[in-house]
Amino acid sequence: MSIQLNLGKWGTIFPVPNCVVDEDIRLASENQLKVLLYILRNNGDNLTEKSVGEQLNIAEGDVKDAVSFWVDRGVLTSQGDIPQGERAESPDETPVEIKKKPRPLSRVQKPDSIFVSRRISEDNALATLVQETQVILGKPISNGDTATLVMLHDTDGLPCDVLLMLIQYCHSIGKDNMRYIEKMAVGWASEEITTIERAEEKISNLEKYGEAWNRVALIFGIQNSGSPTKAQQENANRWINEWHFSDEMLREAYERCVNKKNNFNITYTNGILKNWNKQNISSLKELKEYEEKSRKKSSENNGNNGNKGDNNPQVSYDIDKYEEFSMFD
């Protein structure tokens, strides 16, 4: 049977990012795909987990899990603050929006070779930028790449010295192609990283976040998972550089997540570690003592309620419960 489009249905359409089909469709569940398509179709509306769940007949918790999946994949962002002039149906609902990105790389047409030659001849800083870029990359750059550098300076407003720092950083991590350099530069421009000081701070954070994720990936055994997402790097930095968890505690949180969810879920893992951090638990010994104390307290409460014979102690449920609820604190 041949598969063809029904062109009569194409009066109105909405875009779906290529990466959803190219990279994510094999990983996404039915609910995750339903939630994403509904959000894409209704982009701009004040959506919440509750409203999406009601429209799709999906439990609110499952919608929340689906949103977390697409946030981890870099397709959506979950925004905690309701914009001025809008409000959700209840104070506990979190608006969901399509991730806003810097200007598309194809939005601005690159300058032609005549314009580029004139700009370089009249601006010594641009000429130096092109020369130093070739030295850093260890090869001549094409006319198109030169035009990209001029555009990043003239259109996106990045100073030449900041661009050189960015290019040096990209080279240091093995990302020498101009497409990657342009993408990062556009992001810097949107963050207004236009001084040496801000560029140094940005690179320091990138290196710190990258090192944190590399350590987490090694502990979790997922080194070959490709380039980490922003969410992965931010969470890894929080676990290591802010909460100062040891390798054994990170591994324990990972194993509990996998045992509960049957796969690695960065939001769920963060919920576990967040609770341990709140309880000042920093070692497996302290964790064991805390859980034994919680189990004993739960057993005593059940005994006072006449449930001494209960085969399912409340403490195990409570531990799972506080791990799950903390994900969205």
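Summary table below
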read-out: Net charge, Ser283 excluded, C-beta distance under 11 Å - Lys, Arg +1, Asp, Glu -1; value: -2
read-out: In segment 109-244, lysine pairs with alpha-carbon atoms under 20 angstrom apart (chain gap of 8 or more, or interchain); value: 10
read-out: Projected area, mean over directions - segment 181-270, Cα convex hull, nm²; value: 6.5 nm²
read-out: For segment 114-220, the fraction of alpha-carbon pairs in successive 10 Å shells from zero, as %; value: 14, 46, 28, 9, 2, 0
read-out: Mean Cβ count within 10 Å, highest first, over the residues of peptides 157-163, 26-32; value: 157-163, 26-32
read-out: Extension reserve of the Gln55-Glu132 stretch, reckoned as 0.36 nm per residue once the Cα distance is removed; value: 22.1 nm
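Since every read-out is calculated from the coordinates, none of them should be taken as a lab result. Not measured: the values here are computed from a predicted model. Glycine also receives a Cβ, built like all others from the backbone with ideal geometry; neighbour counts cover every protein chain displayed.
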